Amino acid sequence: MRTGWKYEITDENKKKLMNKISSHVDWVKKSEALDLPDKVIEIREVTLNPEERRIYKEMNKELIVQIKNEDIAATTALTRLMKLREISSSFLYDENHVAHSLGDSKLKELENCIDELGKQQVIVWCNFQYEIETIESMLKKNYGENSAVTLYGKTKDKELSIQKFKSGEAQFFVAHPKSAG
């Protein structure tokens, strides 16, 4: 007969663990290390332009669309969901992972949001490399070459990006959540 077991983190076990790993890690509580503003959640609705909307509806219904004489298909339900997410971000990857721009509805809304925020630092979370690169390009064009840093698979020096943002040298931090940990 199985009785199972119970795992519990006690203060004593936590101290033992911290003693074992202390030579390999630094342990800092969030309250001791970060001076973050309050979290603000604001939902903004973005209306796709007519072309984006047409492509979205077509992909959702037919599982295939044609962009610049190239068929882009979703062969599974999961692929269809990813393609719809791409389209709602105003682009679409083809089978060779080449991004095709469909418009700039979401990018314009991001610009409006940034204008409303003013000079404060901003973190922009993105899901796709194309999104990160497009946003970084827009920010550098509008706010200066050193205004934005990125953190995603193609970032050459991730620690430098983090440091530039932390020090205030860069106003914008554009990142994929998993890359930023």
Would you pick out the residues in region 20-54 that are hydrophobic (A, V, I, L, M, F, W, C) and modelled with pLDDT of 80 or more?
21, 41, 43, 46, 48
Counting only residues that are closer than 20 Å to residue 132 by Cα and surrounded by 14 or more Cβ atoms within 10 Å (Cβ to Cβ), how many does region 79-89 have?
7
If you check residue 136 against the conditions, is it within 24 Å of residue 52 (Cβ to Cβ), crowded, with 16+ Cβ neighbours inside 10 Å and not β-branched (Val, Ile, Thr)?
yes
Which residue pairs have Cβ atoms under 6 Å apart, sit 6 or more places apart or on different chains, and have a first residue in region 116-142 that is free of Cβ contacts under 8 Å to residues at least 12 places away in the same chain and a second that is open to solvent by less than 60 Å² (accessible area, probe 1.4 Å) and outside any loop (DSSP other than H, G, I, E, B)?
140/148
Scanning for something in contact (Cβ under 8 Å) with a residue 60 or more places away in the chain and either open to solvent by 20 Å² or more (accessible area, probe 1.4 Å) or touching a His at 6+ places or on another chain (Cβ under 6 Å) (or both), does region 90-106 turn up at least one residue?
yes
Quick check: anything in region 52-60 open to solvent by less than 30 Å² (accessible area, probe 1.4 Å) and either within 20 Å of residue 176 (Cα to Cα) or part of a strand (DSSP E or B) (or both)?
no
Looking only at residues that are loosely packed, with under 13 Cβ neighbours inside 10 Å and within 22 Å of residue 106 (Cα to Cα) in region 61-78, which one is modelled with the lowest pLDDT?
68
Can you give me the ranges of the strands (runs of 3 or more DSSP E) entirely in region 92-170 with at least 2 residues that are touching a helix residue (DSSP H, G or I) at 6+ places or on another chain (Cβ under 7 Å)?
122-125, 148-151
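Residues checked against (1) touching a Phe, Trp or Tyr at 6+ places or on another chain (Cβ under 8 Å); (2) of a type in the set (Lys, Arg):
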site	(1), (2)
133	no, no
151	yes, no
154	no, yes
159	no, no
169	no, no
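The values are calculated or read from the model by the stated rules, or taken from the named source; none is laboratory data. What you see is a predicted model; the values in this text were computed from it and never measured. Backbone-built Cβ (ideal geometry, glycine too); neighbour counts: all protein chains shown. The area values use the complete protein model at the heavy-atom level, side chains included, leaving out ligands, DNA and RNA. Shrake-Rupley method; radii C 1.70, N 1.55, O 1.52, S 1.80 Å.
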